[in-house]
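The values are calculated or read from the model by the stated rules, or taken from the named source; none is laboratory data. All values derive from a computational prediction rather than experimental measurement. Quick reminder, even Gly has a Cβ in these numbers, built from the backbone with ideal geometry, and neighbours come from all protein chains shown. Heavy atoms of the whole protein, side chains included, go into the accessibility calculation; ligands, DNA and RNA do not. Shrake-Rupley method; radii C 1.70, N 1.55, O 1.52, S 1.80 Å.
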Protein chains: 2
Amino acid sequence: MSPLSQELTDRILAAVDAGFEDQVAFTEELSRFPSLRGQEHTAQDFLFREMQARGYTMDRWAIDVEAIRHHPGFSPVDVDYSNAINVVGTLRPAEEKGRSLILNGHVDVVPTGPEGMWTSPPFAPRRDGDWLYGRGVADMKAGLAANIFAVEALKTLGYRPAATLYQQSVVEEECTGNGALACLQRGYRADAAIIPEPEDDKLVRANTGVIWFRVRVEGVPVHVREAGAGANAIEAAYELIRVLRALEEEWNARKGDHRHFEDLDHPINFNVGKIVGGDWASSVPAWCEFDCRIAIYPGTRAEDAAREIETHLRRVSDGIPFLANNPPQVIFNGFFAEGYVLEEGSAAEETLTRAHMASYRKPLESFVTPGYLDGRVFVIYGETPCLVYGPYSEGIHGFDERVSLASVKRVTGTIALFIAEWCGLEAI
Amino acid sequence: MSPLSQELTDRILAAVDAGFEDQVAFTEELSRFPSLRGQEHTAQDFLFREMQARGYTMDRWAIDVEAIRHHPGFSPVDVDYSNAINVVGTLRPAEEKGRSLILNGHVDVVPTGPEGMWTSPPFAPRRDGDWLYGRGVADMKAGLAANIFAVEALKTLGYRPAATLYQQSVVEEECTGNGALACLQRGYRADAAIIPEPEDDKLVRANTGVIWFRVRVEGVPVHVREAGAGANAIEAAYELIRVLRALEEEWNARKGDHRHFEDLDHPINFNVGKIVGGDWASSVPAWCEFDCRIAIYPGTRAEDAAREIETHLRRVSDGIPFLANNPPQVIFNGFFAEGYVLEEGSAAEETLTRAHMASYRKPLESFVTPGYLDGRVFVIYGETPCLVYGPYSEGIHGFDERVSLASVKRVTGTIALFIAEWCGLEAI
């Protein structure tokens with residue numbers, strides 16, 4: 001496929017513009033579904049119906065753990081997947097002329113935190129000037145809608161992609177990455193993939209991998225009368241958190257060994273995100289557990305990082321009275337995922353660079369992000385160039401999450417132009 | 001009343017001995033009721049039936065918060081009291097000749113903690129040699145049974161107390177003390193009271209008061225990328241726990257000002273007993289709350305200690321980035337109770353000293369305990385000498401709680417002898 005003519009480029013961007021109010025309404029409707037982990041299925045059923053109505057051939061299935069358990073990209077899971085539903089819509093051309101494409105997005109959202117800290121209810125999306133507010137509007141329901149409405153814009157011009165196009169809405173991106181992995185295992189492959197995550201109008205060049213783990217401390221406490229800091233499970237847990245912060249710094253000190261990460265200030269971030277322990281104010285707590293997330297450099301196997309975490313915790317536990325006799329348990333209960341690098345010079349990236357320039361009228365920038373992305377499934381295991389690229393946002397994973405609608409419109413334009421050039425177009 | 005004759009003393013102790021297997025069976029039956037906070041009512045209904053069958057006039061009511069809210073001994077409460085039932089049985093003599101007596105015990109028990117850490121199920125009492133195992137067997141179902149079987153022993157000899165005797169089974173001793181307070185408010189008064197808490201065969205001379213409070217930290221966190229230790233609600237909570245440990249040491253350093261406490265190694269104990277915070281491993285937690293217990297010296301008003309805790313937390317919060325803009329909330333949600341001193345020289349203590357010597361054949365020791373006791377309601381607000389005195393135990397508030405049955409038998413003997421001397425006896 002050759003670069004698009006200026007005339008076609010303008011018509012495509014105008015079509016995106018013309019459809020944008022519908023796209024925003026669709027995004028709002030999708031953002032009303034509280035698609036928290038374990039509750040994504042109603043949003044997925046909505047997307048199934050919406051894609052089916054737009055002419056896609058539909059596929060919908062619950063993730064089958066047994067089918068992916070032995071895949072090197074699998075993350076351990078401690079929840080039931082009966083309602084962990086993936087949805088994929090397929091558009092096939094009359095004649096397969098162009099390069100095939102996967103448009104991917106995740107429908108799961110992270111918890112809201114205390115609702116009182118939101119200016120307005122997180123699952124009642126609210127538009128205020130250029131901003132759309134709500135949990136998941138940026139991460140990443142605006143992206144899912146952009147994928148669908150990029151294709152719709154072409155349709156209003158009388159075109160469809162001249163190569164197979166898959167619209168994937170996956171679950172589990174915020175905790176394991178098993179949703180995208182299950183698509184790969186089911187056989188979905190293409191010549192390129194786009195994931196419009198909220199990336200502030202930039203392309204992700206590389207990211208870190210992420211590991212989740214739970215640390216559980218349990219042991220016979222002494223009586224309240226004798227309870228110094230070391231004998232209380234909650235306070236023993238804090239000793240371990242301090243130790244994990246030290247490991248974080250150790251890993252950050254190794255950044256010089258990792259291309260793309262050496263210039264970042266603090267590429268490896270550790271987070272203790274959840275804690276629960278003890279039963280009664282007047283009993284010395286005998287147990288405490290906390291949930292953690294830590295990043296790893298691309299090229300580091302999750303397995304090796306996990307062993308290092310365990311060894312590190314074991315070493316310090318020997319010095320803490322409560323823990324010496326009750327070594328902490330470490331349970332890997334989520335992300336067990338490597339990072340990826342999008343190698344420069346791919347045809348897909350060249351196409352995105354042109355499409356972005358046409359839509360934004362400024363050059364595409366790339367950057368390195370210290371968080372998990374489903375892009376790793378495509379790049380590492382699917383050997384597919386994956387362009388993680390999407391709109392400007394604020395407050396993802398926090399309060400008053402919001403996405404810039406002007407940015408969403410430009411991203412949609414970029415995707416529509418990308419499809420036109422990458423897949424080619426055929427008249428409907 | 002004059003000291004008992006040796007012959008009557010021997011007959012009473014023999015009667016306790018003869019009834020002891022029944023008493024142990026009764027204790028086991030009572031210990032099967034999982035009378036955790038909010039679930040005491042089935043055990044209370046059992047005690048109601050058992051006392052009624054033994055000839056007591058019965059009273060049973062749910063604690064009425066409005067009736068006690070303005071009492072200086074009231075502790076704030078954040079749970080529903082619909083099922084917080086007190087039970088009192090009354091025995092009246094034909095002719096009121098002696099001194100009246102309250103036998104008091106609490107039926108509520110503290111949580112078991114992880115059941116896997118118990119050798120056998122905590123609510124399936126198990127007898128092994130001299131030990132009876134189970135949650136609450138020592139604290140204090142053995143004591144409740146001792147109160148009832150001390151009177152039964154006299155009955156087998158053809159006697160009842162020659163003064164009004166109240167058998168009180170109260171709730172809320174492990175969290176507020178509002179159960180005993182509600183008995184006082186309802187008008188129950190007597191010339192002395194006995195509470196057979198597990199006190200290792202000794203009399204409590206003084207105890208600390210106890211305050212419960214919950215500290216809640218909440219605020220807008222920064223992104224995981226920028227999240228140092230100070231910006232995470234869980235780690236900010238830990239800063240506050242450290243600060244409360246410092247307050248604990250400050251209060252311990254004042255022990256010289258408090259008679260009965262100056263010789264204790266560490267009279268003021270702080271405990272963080274429960275914690276919960278955050279929602280998601282990969283989100284910087286915006287909230288965390290932890291439940292605490294701290295002791296106060298007798299003579300210190302709960303109100304004044306509470307203000308000191310608040311001031312202390314406020315002062316340090318100014319120096320912690322996350323907290324400076326989001327000062328922690330302190331919620332007093334339980335014990336708000338002063339300690340008491342049992343002044344030496346009361347007639348009740350003299351009577352107990354004789355009864356103990358007869359039952360144990362060794363002198364009564366007294367001691368100071370750094371924990372809460374319902375005795376404070378009787379001593380401070382009822383102006384009633386209250387003898388907190390009971391059996392030898394291990395593991396209360398921990399795992400494999402157990403009580404010595406030999407000790408329970410002697411305590412029961414002491415109580416029976418006390419009744420005979422204090423109340424006097426009349427033939428049934």
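Could I have the simple spin-label model distance between B:THR311 and B:TYR360, label points 7 Å from Cα toward Cβ, reported in nm to one decimal?
Placing both labels 7 Å along Cα→Cβ, they lie 4.2 nm apart.
Let me check against my output: what whole-number percent is the relative contact order of region A:209-337, with C-alpha pairs under 8 Å and at least 6 apart?
45 percent
How much solvent-accessible surface does B:VAL377 expose, in Å² to the nearest 10, with a 1.4 Å probe and all protein chains in place?
The accessible area of B:VAL377 comes to roughly 0 Å².
Need the C-alpha centroid separation for region A:196-210 versus region A:23-85, integer Å.
Between the Cα centre of region A:196-210 and that of region A:23-85, the gap is 22 Å.
What distance in nm separates the two pseudo spin-label positions at A:GLU66 and A:ALA427, each 7 Å out from Cα along the beta-carbon direction?
Between A:GLU66 and A:ALA427, the label points sit 5.1 nm apart.
Rounded to the nearest 10 degrees, what's the angle between the helix B:347-360 long axis and the longest principal axis of chain B, both from Cα atoms, 0 to 90?
So the inclination is approximately 80 degrees.
Once every Cα of region A:90-139 carries one equal point scatterer and solvent is ignored, give the base-10 log of I(q)/I(0) from the Debye formula at q = 0.14, 0.23, 0.26, 0.32 Å⁻¹, two decimals.
Log10 I(q)/I(0), no solvent term: -0.56, -0.89, -1.04, -1.28.
Kindly provide the pair-distance distribution of chain A built from C-alpha pairs, with 20 Å bins from 0 and whole-percent values in order of increasing distance.
In order of increasing distance, the bins hold 26, 53, 18, 3, 0 percent.
Rank by packing, highest mean first: peptides B:118-125, B:4-11, with packing defined as the count of other Cβ atoms within 10 Å averaged across residues.
Packing order, densest peptide first, comes out as B:118-125, B:4-11.
Stokes-Einstein at 10 °C, 1.306 mPa s, Kirkwood radius from Cα pairs: D for region A:209-337 in µm² s⁻¹?
The estimated diffusion coefficient comes to 103 µm²/s.
One decimal, nm, shortest first: give the distances between the label point of A:PRO114 and those of the same position in the other copies, each label point 7 Å from Cα along Cα→Cβ.
From this label point to the equivalent ones elsewhere in the assembly: 3.0 nm.
I'd like the per residue volume of the convex hull spanned by the Cα atoms of region B:326-428, given in cubic angstrom.
Convex hull volume per residue, Cα atoms: 174 Å³.
Rounded to the nearest 10 degrees, what's the angle between the helix A:302-317 long axis and the longest principal axis of chain A, both from Cα atoms, 0 to 90?
Compared with the principal axis, the helix lies near 20 degrees.
Would you mind giving the mean number of other chain beta-carbons within 10 Å of the Cβ of each residue in A:264-273, as a whole number?
6
Going by Cα centres, region B:375-412 and region B:285-310 are how many Å apart?
With region B:375-412 and region B:285-310 each reduced to a Cα centre, they are spaced 26 Å.
How high is the relative contact order of chain B, in percent, with contacts defined as C-alpha pairs under 8 Å that are six or more residues apart?
26 percent
Would you mind checking the tilt of helix B:233-253 against the longest principal axis of the Cα atoms of chain B, expressed as 0 to 90 degrees and rounded to 10?
The helix B:233-253 is inclined about 50 degrees to chain B.
Once the Cβ-Cβ distance between A:LYS97 and A:GLU262 is put in as r, and R0 is 41 Å, what FRET efficiency do you end up with, to the nearest 0.05?
0.45
Report Rg(Cα)/(2.2 N^0.38 Å) for the protein assembly as shown, keeping two decimals.
So the Cα radius of gyration is 1.21 times the expected 2.2 N^0.38 Å.
How many times 2.2 N^0.38 Å is the alpha carbon radius of gyration of region B:28-152?
Against the compact-globule rule of thumb, the ratio is 1.20.
Assuming a ≥ b ≥ c are the square roots of the Cα gyration tensor eigenvalues, decide whether region A:44-97 counts as rounded (a/c under 1.5), prolate (otherwise, with a/b larger than b/c) or oblate.
Taking the square roots of the gyration eigenvalues as a ≥ b ≥ c, region A:44-97 is oblate.
Using the beta-carbon distance between B:ARG189 and A:ASP128 and R0 = 60 Å, what value does 1/(1 + (r/R0)^6) give for FRET efficiency, to the nearest 0.05?
0.35
Using a 10 Å cut-off on Cβ to Cβ distances, tally the other chain neighbours for every residue of B:197-207 and report the average as a whole number.
The per-residue average across the peptide is 0.
Roughly how many nanometres apart are two label points built 7 Å out from the Cα toward the Cβ at A:ALA324 and A:ALA246?
Placing both labels 7 Å along Cα→Cβ, they lie 1.6 nm apart.
Between B:GLN6 and A:ILE331, take the C-beta separation as r, use R0 = 45 Å, and let me know the FRET efficiency to the nearest 0.05.
0.10
Have a look at B:MET51, B:MET117, B:MET140 and tell me which one the Gaussian network model of chain B (Cα, springs below 10 Å) gives the largest fluctuation.
B:MET117
Cut-off 10 angstrom, C-alpha nodes, Gaussian network model of chain B. Which of B:ALA142, B:ALA281, B:ALA347 fluctuates the most?
B:ALA281
Report the accessible area of B:LEU247, computed with a 1.4 Å probe over the heavy atoms of all protein chains in place, in Å² rounded to the nearest 10.
Here the residue's solvent-accessible area equals roughly 0 Å².
Show me the ranking of peptides B:333-339, A:404-410 by mean Cβ neighbours inside 10 Å, starting with the highest.
Highest to lowest by the protection proxy: B:333-339, A:404-410.
Using Cα-Cα distances under 8 Å and only pairs 6 or more residues apart, what relative contact order does region A:333-398 have, in percent?
37 percent
Under a 10 Å cutoff between Cα atoms, tell me which one of A:TYR340, A:TYR297, A:TYR238 has the largest fluctuation in the Gaussian network model of chain A.
Among A:TYR340, A:TYR297, A:TYR238, the largest GNM mean-square fluctuation belongs to A:TYR238.
Can you pull the mean other chain C-beta count within 10 Å for peptide B:231-237?
Taking all residues of B:231-237 together, the mean is 4.
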